[in-house]
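First up is the structure itself, then whatever we jot down about it.
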Amino acid sequence: MTGASNASDRLWMYATMIKSRHFEALIKPAYFEGKSPVFNMAKGPLPGEMHLSDGQEPCAVGVCAHLRPGDTVTATHRPHHVAIAKGVDLDAMAAEIFGKASGLSGGRGGHMHLFDARVNFACSGIIAQGLGPAVGAALASKLRGDDAVAVAFLGEGAANQGAFHEALNLASVWKVPAIFVIEDNAYGISVSKRDCTAVERNADRAAAYAMPGHFVAGNDADAVHTIAGEAIARARRGEGPSLLEIETCRLEGHFMGDAEGYRPEGEVERLKASDPIPAYRARLLADGFEAADLDRTAAEARAAVDAAFAFARAAAYPDPEEAFTHVFA
Amino acid sequence: MSSPDTATAVRPARRLTIARAIAEAIGQEMERDPDVLVMGEDIAKLGGVFGTTTGLLDRFGPERVRDTPISETAFIGAAVGLAASGMRPVVELMFVDFFGVCMDAIYNLAAKQSYFSGGQVTCPMVLMTSVGGGYGDAGQHSQALYATFGHLPGLKVVIPSNAHDAKGLMLAAIRDPNPVIFMYHKALQGMGWLGTVQRSITDAPEGDYVVPLGKAKCVREGEDITVVGLGLSVHQALDAAGQLAEGGISAEVIDLISVAPLDREAVRASVRRTGRLLVVDDDYLSYGVGAEIIASVCEADIPLRAPPQRIAFPDIPVPFTPVMEHFVLPNADKVTAAVRQMMRVSN
């Protein structure tokens, strides 16, 4: 695939963005169960931190549209949209987030530590942590002579971590099929990118590691699809790694319960007015897609999420003694 | 020391340093298993600063014997990804002291991959690393840090005291589906420029054998006291046992071999017979290997004839000047003195 969006990919991207957004929509009320009137993070069926991906869906679908189950993805502490786009089992993912025995990891990992070996997906809770493993996965495919690639997603804040720079250098030195995807949502928790990043464009940092760097503006699934397609095809051809910087937005707080006092007045309203999913629907309609087709595929996506949450809620909790298993293989 | 002699009774003895034994084990496993590869700083052309990969580049080429940038965060992180992809990387952290620049990949990724994936994804990697001081390299190149790694769930941590065990442990470590921290003590490594304890240079079978991870060995039998050591301190304990025997004290010496899992039962079984316990450890004293072993014995309600004791590195950074460093490091004389004192206060 060269990266040019075709009709089936565009419909898949639309449906997958709907699926991701609906997943988060069901998380929201569930998260506050037991946490009101007094907020206590430990309470309710979804304890702990919860990082929602609303607004960042174009990054996930534009990249993952080009990926196969054998390709590796490492994602971040804000992983749901990427996991869904990579094809992680939706029932088991929801069950994991609810801490149930039938979750991906039997409740040991939770929302920040989702693993699905079936589709080579992993995520982790510390920024820039997945970059080294992605280089390793890419090296494994190079040594084996297959054409699988590895994609590491990261936030723009992680581009200031040493692990980012070390991983890009190593990937370039070894010319492995890795693609580093920066989802630039403009904030690291409360600190804006302009207050903590020395460069205007993180894509420029690719020059320091002798690899192509691409900036994708507009939080636009089609534009991401095109550029990611080129980078992934390049990697599959054995021509080495690329860095992608995707302009996106975080429609919610850093985590649920975030009062977002650091946002300028009116910012959230402005961002919601340019929500990438309705905008994408409008473009698809303008390009000749039938509203009925979009509605049907969106309804199917929502139904799959509804079923996953029903599965997760009905699922049994693990035996507490299971805490002692899988420490070692 | 261990008793390799019986394993090779049919062959003339072949004496190896620990460095040679490690390199031989890795090479044999690379022959057997195409998924094994080695990565690290100066491990290809140089063969490893401490000789752990001598000759491997010539045999296996630069794809499987990879010099890395001085970039531990990246290449140890990459090892986790290789392991998740079904490869079996052996990576070298040149000095254990360098763990500070890459610990995230070790204890947050490697150590938790099996657990957080619910057993879906394993992490069969070996991280080999040099430990120990005594040669004037000061506090950023001389630490032991056994307990630092032993404290973290999901890691296996081993340290051989001789070449026979080094080879068998390395073969076991590469084949293990878990991350194994394979420590080797610089004072035992057999590098010409570093000096070595001659007892660490032993026979090691040429063929394939494993020394199981997680098992301690009794390397000298005795009746009056159990002295537990690991790596270099095994030899200090053995030297002390020799001195003590001249005075009529019979010391049993346990080579711990494995910090994690810890073979608590081997120590308990010995102390049940001797009634006395001394642990000798060149890692920092507090919250250390000695404390854990003594707790293991106390929790088992074993009748003791004297309070258990420990000799360890005091809770200070490792000083440079030999006058200070050797003042604080464990040695055989300190072991001998401690045992004599314990015998005096015993009931």
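Taking the stated definitions as given, is A:Glu33 exposed (fewer than 14 other Cβ atoms within 10 Å of the Cβ), modelled with pLDDT of 95 or more and closer than 23 Å to A:Asp91 by Cβ?
Against the criterion (exposed (fewer than 14 other Cβ atoms within 10 Å of the Cβ), modelled with pLDDT of 95 or more and closer than 23 Å to A:Asp91 by Cβ), A:Glu33 qualifies.
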Out of the residues in region A:281-329 that are in a helix (DSSP H, G or I) and β-branched (Val, Ile, Thr), state the one that is nearest to the other protein chains (Cβ to nearest Cβ). A:Val305
Select from region B:33-48 the residues that are touching a residue at least 40 places away in the same chain (Cβ under 8 Å) and over 30 Å from B:Gly195 (Cβ atoms) and write down the one among them that is farthest from the other protein chains (Cβ to nearest Cβ). B:Asp33
Can you name every one of the strands (runs of 3 or more DSSP E) wholly within region B:169-249 that holds 1 or more residues which are more than 30 Å from B:Tyr107 (Cα to Cα)? B:217-220, B:225-229
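Taking region B:307-338 on its own, how many of its residues are assigned to a loop (DSSP other than H, G, I, E, B), polar (S, T, N, Q) and surrounded by 14 or more Cβ atoms within 10 Å (Cβ to Cβ)?
Number satisfying all stated conditions: 1.
Filter region B:150-168 down to the residues that are part of a helix (DSSP H, G or I) and buried (at least 23 other Cβ atoms within 10 Å of the Cβ), then identify the one that is farthest from the other protein chains (Cβ to nearest Cβ).
Going through region B:150-168, the residues part of a helix (DSSP H, G or I) turn out to be B:150, B:163-168.
Then drop every residue that is not buried (at least 23 other Cβ atoms within 10 Å of the Cβ), which leaves B:163-168.
On the way: B:Ala163: 27, B:His164: 25, B:Asp165: 21, B:Ala166: 22, B:Lys167: 23, B:Gly168: 20 Å.
Looking at the filtered set, the residue picked out is B:Ala163.
Show me the helices (runs of 4 or more DSSP H) found entirely inside region B:49-142 where at least 1 residues are within 14 Å of chain A (Cβ to nearest Cβ) and among the aliphatic types (A, V, I, L, M).
So the answer is B:72-84.
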In region A:59-85, residue farthest from A:Asp147 (Cα to Cα) [restricted to those that are within 13 Å of chain B (Cβ to nearest Cβ) and assigned to a loop (DSSP other than H, G, I, E, B)]: A:His77
Would you confirm whether any residue within region B:272-292 is hydrophobic (A, V, I, L, M, F, W, C), over 19 Å from B:Gly132 (Cβ atoms) and surrounded by fewer than 20 Cβ atoms within 10 Å (Cβ to Cβ)? yes
Does at least one position in region A:183-202 carry a residue that is among the hydrophobic types (A, V, I, L, M, F, W, C) and surrounded by 24 or more Cβ atoms within 10 Å (Cβ to Cβ)? no
Checked pairs for region A:157-173, first at the interface with chain B (Cβ under 9 Å from one of its Cβ atoms), second surrounded by fewer than 24 Cβ atoms within 10 Å (Cβ to Cβ) and part of a helix (DSSP H, G or I), C-beta under 6 Å and 6 or more apart or across chains, list as A:Leu168/A:Tyr209; A:Asn169/A:Tyr209
All-but-one check, B:Ala13 against (1) outside any helix (DSSP H, G or I); (2) within 14 Å of chain A (Cβ to nearest Cβ); (3) within 21 Å of B:Ala163 (Cβ to Cβ), failing number (2)
Sort out which residues of region A:93-149 are more than 7 Å from chain B (Cβ to nearest Cβ), free of Cβ contacts under 8 Å to residues at least 60 places away in the same chain, farther than 16 Å from A:Thr76 by Cα and in a loop (DSSP other than H, G, I, E, B), and write them in order of number. A:Gly145
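The values are calculated or read from the model by the stated rules, or taken from the named source; none is laboratory data. Since we're looking at a predicted model, the values are computed, not measured. For neighbour counting, all protein chains shown are included, and Cβ atoms are generated from backbone atoms with ideal geometry for every residue, glycine included.
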